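Participant: The structure's right below; bear with me while I get my questions together.
The values are calculated or read from the model by the stated rules, or taken from the named source; none is laboratory data. Being a predicted model, the structure only gives us computed values, none of them experimental. Quick reminder, even Gly has a Cβ in these numbers, built from the backbone with ideal geometry, and neighbours come from all protein chains shown. Quick note on the areas: whole protein, heavy atoms, side chains included, nothing else; ligands and nucleic acids left out. Shrake-Rupley method; radii C 1.70, N 1.55, O 1.52, S 1.80 Å.
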Amino acid sequence: AMLDPDSGLSLTIARIVQRLKGSSLHSQLERQARVSLRKPEIKLESLKEDLKDFLKTSGWEKKLQNAVYSELNVFPSPCHPAAPPEHMKEPLAYMRKAQGSWEKRILKSLNSMCTELSIPLAQKRPVNEQKELLNKWNEMGTDEPDLSLFRPVYAPKDFLEVLMNLRNPNYENGEQPSFRNHLGLIQVPLKVKDIPELKEDFSELGLNIGQMGIDDSAQVPPEFFENEHVRVGQKVLAEQDSAAAQQYVRQGCPTALRADLWALILNISNQPEDILYYEQLKSNVIQHDLLVDKLIYKDVKLTASNDDYYFVFEDYLYQVLLCFSRDTSVLEHFTYSSATPPKSYIQGKLGMEEYAVFYPPNGVIPFHGFSMYVAPLCFLYHEPSKLYQIFREMYVRFFFRLHSISSHPSGIVSLCLLFETLLQSHLPQLFYHLREIGAQPLRISFKWMVRAFSGYLATDQLLLLWDRILGYNSLEILAVLAAAVFAFRAVNLMEVTSLAAAEAVLADLSTLKVMPLLQIFLFATV
């Protein structure tokens, strides 16, 4: 279909051009173009065409394509030119309002911790402390500071309480007709997909298609599929095309190629300037002590350090998360996130805007379990600046949606609603039974989804799941998997008589195989 010229397309192009102009890719391209002018094969009379050919053959055109593709994946398509900018953050006013009051609560909790413990939000480290931190940068885990007085600002279950109280003010006392029969905890009317739509969206997960993570497919002998899939994967990497890589990983990544394929999809190349940027973040950590440092430290100690898979990465987690909290480039994602970075005022200047600073500098206050977004990536990337960039990109594309209130299809509210709707429509008996005994399914599955299942599944299975998040550029698969887990354990769950007993049945997911569960739930359930 032809797009009318005032439509989204020209707006999108204008925005991408604007954003790429400031990038290092832009200056590299200019430099390359200037160098190429000295080449004999470039003639003045056909300059434009010759330059295009040169960019093609030298691989720069691919780099530009990948950068554009990356922009398209991250930024939403622009709203109508007349729409106010907050519509790009979140179109529904009541969602924006709810997110705003949730942020006030978080900030209040943080500030009261400062007051109670009489420590500032930020202070310069004394020189001897700076030296000490620099010396033990690679073994921060050996430190055992007393953090008993610090507590996580919030945990997933506090957040769930907020989501359960969301209401659309336009509907008086649940008078929304199509929605009246929804008996879950989430009481807002958002459009979520049904199984036929999900089947269509996730068609590459179908029963007759080869998959990484399925050991005994009737259709294709797994070793035959795997060898062929590896061969194709190597070709995709050689081509260096982000879009092709994204399509490829829908069928899963061979272990040996995963790190490179994810980096290609996320358009991360770890250039010298990226490494330099990481070093600058590190020196900022060394010079300044933030209250969030203690929260990060405590979170790692409470979660990853106790995890059989991830405790070995403790030091990487401190490095990545401390640097992340200082990274002001993360602020950019607030243009398309319903959240707003918290502000703090320089001492004695409360309420005076010119003395306001974002706190923490990246605008993200970590919550209980936040470090589990980083932990699985440590299996794939062992070079700190590369690991850092991959995590930051995963965060601004996906993870931020799991702890902010929005109507986005990949936002946590939609995922909760999708999960409840799938269960209620496909396993009504189970759904009613659990509801009757006071074990609303979402009370159990919420923490899985907020963490994107990190720390719940075995790592090899988690990486197969995250392959598909990247492949489909969507978090909806988290809700589908959560429903599939309930379906898989349905027989046992029908026998429980309390929330505690239901939780016990679902306490250990470490033996589950993700792909068969998803396939059976989507494609083999009548």
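Participant: Given the criterion over 21 Å from Arg19 (Cα atoms), surrounded by fewer than 17 Cβ atoms within 10 Å (Cβ to Cβ) and not small (Gly, Ala, Ser), identify the matching residue among Lys62, Lys97.
Facilitator: Lys97
Participant: Is it true that Ala500 is assigned to a loop (DSSP other than H, G, I, E, B), open to solvent by 10 Å² or more (accessible area, probe 1.4 Å) and free of Cβ contacts under 8 Å to residues at least 40 places away in the same chain?
Facilitator: When the stated conditions are applied, Ala500 does not pass them.
Participant: A further question on this structure: So which residues in segment 367-381 are outside any helix (DSSP H, G or I) and either of a type in the set (Val, Ile, Thr) or open to solvent by 20 Å² or more (accessible area, probe 1.4 Å) (or both), if there are any at all?
Facilitator: His368, Val374, Leu380, listed by residue number.
Participant: Checking the condition at pLDDT 95 or above, open to solvent by 10 Å² or more (accessible area, probe 1.4 Å) and of a type in the set (Phe, Trp, Tyr), which residue from Phe488, Phe419, Phe453 passes?
Facilitator: The match here is Phe488.
Participant: Using the structure shown, decide if Val364 is crowded, with 18+ Cβ neighbours inside 10 Å, of a type in the set (A, V, I, L, M) and not in a helix (DSSP H, G or I).
Facilitator: Yes: the conditions hold for Val364.
Participant: From Pro409, Pro384, Pro342, which residue is surrounded by fewer than 22 Cβ atoms within 10 Å (Cβ to Cβ) and not assigned by the TED database to the domain that holds Pro120?
Facilitator: Selected residue: Pro409, the only one of Pro409, Pro384, Pro342 that is surrounded by fewer than 22 Cβ atoms within 10 Å (Cβ to Cβ) and not assigned by the TED database to the domain that holds Pro120.
Participant: Would you say Phe391 is surrounded by 18 or more Cβ atoms within 10 Å (Cβ to Cβ), at pLDDT 95 or above and assigned by the TED database to the domain that holds Ser305?
Facilitator: When the stated conditions are applied, Phe391 passes them.
Participant: Across segment 134-160, what is the total count of residues that are exposed (fewer than 11 other Cβ atoms within 10 Å of the Cβ) and at pLDDT 90 or above?
Facilitator: 1
Participant: Something else about it: Restricting attention to segment 297-320, report how many residues are open to solvent by 10 Å² or more (accessible area, probe 1.4 Å), among the aliphatic types (A, V, I, L, M) and more than 17 Å from Leu147 (Cα to Cα).
Facilitator: Qualifying residue count for the region: 1.
Participant: Given the residues Ile469, Ile444, which is the only one that is touching a residue at least 24 places away in the same chain (Cβ under 8 Å) and more than 24 Å from Asn306 (Cα to Cα)?
Facilitator: Selected residue: Ile469, the only one of Ile469, Ile444 that is touching a residue at least 24 places away in the same chain (Cβ under 8 Å) and more than 24 Å from Asn306 (Cα to Cα).
Participant: Return the pair list, or none, for Cβ contacts closer than 9 Å from residues in segment 381-392 that are in contact (Cβ under 8 Å) with a residue 40 or more places away in the chain and acidic (Asp, Glu) to residues that are surrounded by fewer than 21 Cβ atoms within 10 Å (Cβ to Cβ) and in a helix (DSSP H, G or I), at least 6 apart or on different chains.
Facilitator: Glu383/Ile275
Participant: Follow-up. Could you count how many residues in segment 432-458 are in a loop (DSSP other than H, G, I, E, B) and closer than 16 Å to Val505 by Cβ?
Facilitator: 5
Participant: Criterion first (in contact with a Phe, Trp or Tyr (Cβ under 8 Å, 6 or more places away or on another chain), at pLDDT 95 or above and of a type in the set (Val, Ile, Thr)) does Val300 satisfy it?
Facilitator: It is false that Val300 is in contact with a Phe, Trp or Tyr (Cβ under 8 Å, 6 or more places away or on another chain), at pLDDT 95 or above and of a type in the set (Val, Ile, Thr).
Participant: Can you confirm whether Pro120 is at pLDDT 80 or above, surrounded by 15 or more Cβ atoms within 10 Å (Cβ to Cβ) and not in a helix (DSSP H, G or I)?
Facilitator: Against the criterion (at pLDDT 80 or above, surrounded by 15 or more Cβ atoms within 10 Å (Cβ to Cβ) and not in a helix (DSSP H, G or I)), Pro120 does not qualify.
Participant: Looking only at segment 441-450, count how many residues are over 23 Å from Arg397 (Cβ atoms) and surrounded by fewer than 20 Cβ atoms within 10 Å (Cβ to Cβ).
Facilitator: Qualifying residue count, segment 441-450: 1.
Participant: Would you mind telling me which numbered condition in (1) modelled with pLDDT of 90 or more; (2) farther than 28 Å from Gly471 by Cα; (3) polar (S, T, N, Q) Ser203 fails?
Facilitator: (2)
Participant: I've got another one for you. With the checklist (1) over 28 Å from Leu457 (Cβ atoms); (2) open to solvent by 30 Å² or more (accessible area, probe 1.4 Å) in hand, flag the one item Thr255 doesn't pass.
Facilitator: (1)
Participant: Identify, by number, the condition in (1) open to solvent by 10 Å² or more (accessible area, probe 1.4 Å); (2) in contact with a His (Cβ under 8 Å, 6 or more places away or on another chain) that Phe358 doesn't meet.
Facilitator: Among (1) open to solvent by 10 Å² or more (accessible area, probe 1.4 Å); (2) in contact with a His (Cβ under 8 Å, 6 or more places away or on another chain), the lone unmet condition for Phe358 is (2).
Rundown of residues vs (1) under 23 Å from the mean Cα position of the chain (by Cα); (2) within 27 Å of Trp448 (Cβ to Cβ), yes/no style:
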site	(1), (2)
Pro91	yes, no
Glu103	yes, yes
Glu132	no, no
Val162	yes, yes
Pro169	no, no
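Participant: From (1) more than 26 Å from Ile405 (Cβ to Cβ); (2) in contact (Cβ under 8 Å) with a residue 24 or more places away in the chain, pick out the condition that doesn't hold for Tyr359.
Facilitator: Condition (1) is where Tyr359 drops out.
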